[in-house]
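Have a look at the structure below before the remarks.
The values are calculated or read from the model by the stated rules, or taken from the named source; none is laboratory data. In this text, all values refer to a predicted model and were calculated from it rather than measured experimentally. We place every Cβ from the backbone using ideal geometry, glycine too, and count neighbours over all the protein chains shown.
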């Protein structure tokens, strides 16, 4: 296990700053996931930790030691790539033990390591096969096994499941979680898939334009976002955000100047227009534009005078074209200022009917 620290790290490419100033600590033994849109700097951050990219300025420490001038092969870091990077002319055994041979590990020790690792990742029956005869999941296991035989303190995984189909991705997610628990090493994982991030990481770092928007445990990030970006990046559908000015009946008290109000789709409920209106939450009248079935759950997209938003609920009787009321309890509302920062010391008080048309 190893603690990783990035201190005032800046990265520029051809005069363009992609990482303006990054300060990040990755706890030893954690499964930390870097997540964000394409081009946010997450893969660049990963490559700088591995030593494949040199930071423009700042320090990177692994296990307390500065590794700025340490070669990638001497950082005690193993990296698993999106494309597996297997040698096509070598067998599974050859791919896994290639690095061990280069390090001069004796043959009996190599054989023992390969045997033990292949038992863990389920590759024993495939040791004499070449990559072209393996499935995508098996190739990914070979890439993992090749990293594991080095027994590194840090595993770095750059979107390793993106080339797999949905069913296999789910299976491999479970296997990686179990592998992390078994090895006890520090895992740093990059993905653009928030489902992977929420299901795998014990710590999630949300990035945008080279900056950390929020770093927190998965459910803390989901329930207590620091800003609009984090609030809307995590969640399917994402958090609904409406301008406060579009909800004229909603009054607030506390600290801050709110510009936006947000709520999670599953925190709203749909009610018929004839329902008795509550006084402990906002009520928004809208037309159901679409209704998407997800099995036990339904996602309805509503158009209202306040804006477009989603409601996620269990089976409901509404169809496209129907009118309904969306009711959201006061305690489920989030407030943000004009810059998108969360206003935690603000709450709704005695809301009236919150949108025209009710």
Checked the stretch 293-307 for anything at pLDDT 90 or above and within 25 Å of the chain's Cα centre (by Cα); matches are 298, 299, 300, 301
Residue ID - farthest from the chain's Cα centre (by Cα), chosen from residues in the stretch 154-164 that are surrounded by 17 or more Cβ atoms within 10 Å (Cβ to Cβ) and part of a loop (DSSP other than H, G, I, E, B)
164
Pull up the stretch 165-180, narrow it to residues that are closer than 25 Å to residue 75 by Cα and touching a residue at least 12 places away in the same chain (Cβ under 8 Å), then point me to the one that is surrounded by the most Cβ atoms within 10 Å (Cβ to Cβ).
176
For the subset of the stretch 292-312 comprising residues that are touching a residue at least 60 places away in the same chain (Cβ under 8 Å) and part of a strand (DSSP E or B), which member is nearest to residue 247 (Cα to Cα)?
307
Out of the residues in the stretch 330-357 meeting the condition of being surrounded by fewer than 17 Cβ atoms within 10 Å (Cβ to Cβ) and over 28 Å from the mean Cα position of the chain (by Cα), tell me which one is modelled with the highest pLDDT.
347
When you scan the stretch 107-124, do you find a residue that is in contact with a strand residue (DSSP E or B) (Cβ under 9 Å, 6 or more places away or on another chain) and either more than 22 Å from residue 48 (Cα to Cα) or surrounded by 12 or more Cβ atoms within 10 Å (Cβ to Cβ) (or both), even just one?
no
